[in-house]
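The values are calculated or read from the model by the stated rules, or taken from the named source; none is laboratory data. Please read these numbers as outputs of a predicted model, since none were measured by experiment. Cβ atoms come from the backbone with ideal geometry, glycine included; neighbour counts cover every protein chain shown.
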Amino acid sequence: MLIYPKKVAGQSGNVLRPTIKLKTFEPVGLYTAKYLHGRYKKRPHSYIMIAMLNSTTGFAAGKSSTNGTSTGRRIHYGIWVLIVGILTVFGSIGLGRFAIGMIIPEMGIALSLTNTQLGLIVSGTFFGYLASTAVSGHLSSLYGPKKVIAGSMFLIVFGMLMASSATGFGMAVAGQLLIGIGTGGSNVPTMGLVTRWYARKFRGTASGLMTVGSGLGFALAGTLVPFLIAFYGTDGWRASWFYLGAIVLAIAFLGVLVFRNSPGEAGHEPVGGADVAPDVSRVESLLAASRLNTKALYRSRSLAKLGATYFMYGFSYVIFTTFFAKYLIEEVGFSAARAGGLWSTIGAVSIVSGFLWGMLSDKVGRKQVLFIVYLLQGLALAALSFTKDPGLVVAVSLVYALTLWSVPAIMAATCADYVGGVLAPAAFAIVTLYFGAGQVISPWISGYIVDVTGNFSVPFMVSAAAGFAGAALSLMLSERVDMTAKR
């Protein structure tokens, strides 16, 4: 890494003479910034020119610009972070959490499980998710999101291998518990990490694009799982967990290579420019403040209201994602292949949901868009409880798909609006605790209701009621709460 003064006497243009050459090409992160400030505090005119790897010229000096791009590099590194973030959500949420909806019908038959037991297995996933989100934000503040994400993704792989080898209810629950811990430990820090890489005006859009991964996982599960079940027969559900684990493993290694904890670590500003101009002299105080303010976030009434709203989404959508395929096969009369086809279509349609509603929330406002989304979800779920007509079921499910991943995207953006980029992962982890609580109790309750009533109408109506409650709570939210003056 080369350190340059802003101007060299007797020189003109872009010809600069290096004053110091460090021994290693370490990224200019918070540690390096503090080091330089401490050593060169008498030379405030100095700034950093970073030696960057150029594909044609090797290491070339380039000046960091306001939009994060630099000489020899056309694509902002935040774009690569976003792409790998989408893949991480695809692996952890799309495959780790939602593929089970296509697997449990065959898994239940092979292991002779009741609907209540299947609900408890899914609840095990969400209990693990809840437990990990309770600490993932704090761990991200201490060790950085990158390490937490990597460890969690590897845990998902181990859980999938255990689920693939399950011989009974207990081992199936244990495998899903590990998958849940991994999904919470990877998804929450990933959503928070990406918001660090984008200015406020782009956070809703970036968070929405992240949820594309959930839809992709939904779509792949609807195609891959029925194929594997048809190919491997009675062991198809085991093969499904194995192949899904292999995909997650590849994504985990990609995240290790690409993720950076912050724009500063890669020598950039956020995409769209910094909301507040960076000040190297405040780096150390920001680090100390982030540790202190993390504790204060747990006492925030604004985050508590946001979390209660998120709880309703967690309770509501899980009934759909857990039992919809089973409902199609047992009550609507779909074959497994046709149910898988609709499942894939729902996943494909849902890909645009997070981006669409997240972008709209940037323009219209977070709580207004949340109200619309919850209202549409409540109406769609209520319709499913009253009809068994295949055509109407398809139409209603596609309407629901258009809103499916919108709430997490808006919640992530709202957390960043409330507390700023530094504390965004911790704030999102806190509201996700409420979301996780809804996910934990919902599958068990709905599975028990199905065993008692013999149909899925009542669970869908309960899910619709939660959606309407979420719409009401959305109107009580604040548009923006500035909990910290340091972003």
Q) Which helices (runs of 4 or more DSSP H) does region 374-485 wholly contain that include 2 or more residues that are surrounded by 21 or more Cβ atoms within 10 Å (Cβ to Cβ) and under 17 Å from the mean Cα position of the chain (by Cα)? A) 406-419, 424-453
Q) Quick one: which of 87, 82, 95 is more than 15 Å from residue 190 (Cα to Cα) and under 14 Å from the mean Cα position of the chain (by Cα)? A) 95
Q.
Among the listed residues 324, 315, 320, 311, identify the single one that is modelled with pLDDT of 85 or more, farther than 27 Å from residue 414 by Cα, assigned to a helix (DSSP H, G or I) and among the hydrophobic types (A, V, I, L, M, F, W, C).
A. 324
**Q.** Any pair with Cβ under 6 angstrom, 6 or more apart, that starts in region 183-203 at a residue that is assigned by TED's automatic domain parsing to the domain that holds residue 263 and among the basic types (Lys, Arg) and ends at one that is surrounded by 24 or more Cβ atoms within 10 Å (Cβ to Cβ) and modelled with pLDDT of 80 or more
**A.** 203/413; 203/416
Q: Restrict the check to region 140-149 and report whether at least one residue is within 15 Å of the chain's Cα centre (by Cα), among the charged types (D, E, K, R), in the same structural domain as residue 211 (by TED's automatic domain parsing) and buried (at least 24 other Cβ atoms within 10 Å of the Cβ).
A: no
Q: Being modelled with pLDDT of 80 or more, out of contact with any Ser or Thr (no Cβ under 9 Å at 6 or more places or on another chain), more than 29 Å from residue 322 (Cα to Cα) and in the same structural domain as residue 129 (by TED's automatic domain parsing) narrows it down to one of 257, 209, so name that one.
A: 257
Q.
Looking at region 330-373 only, could you name the residues that are of a type in the set (Gly, Ala, Ser) and crowded, with 20+ Cβ neighbours inside 10 Å?
A. 339, 340, 344, 347, 350, 353, 354, 358, 361
Q) Hey, among 469, 429, which residue is at pLDDT below 95 and either touching a helix residue (DSSP H, G or I) at 6+ places or on another chain (Cβ under 6 Å) or at negative phi (or both)? A) 429
(Q) Of the residues 167, 116, only one is in contact (Cβ under 8 Å) with a residue 40 or more places away in the chain and outside any helix (DSSP H, G or I); which? (A) 167
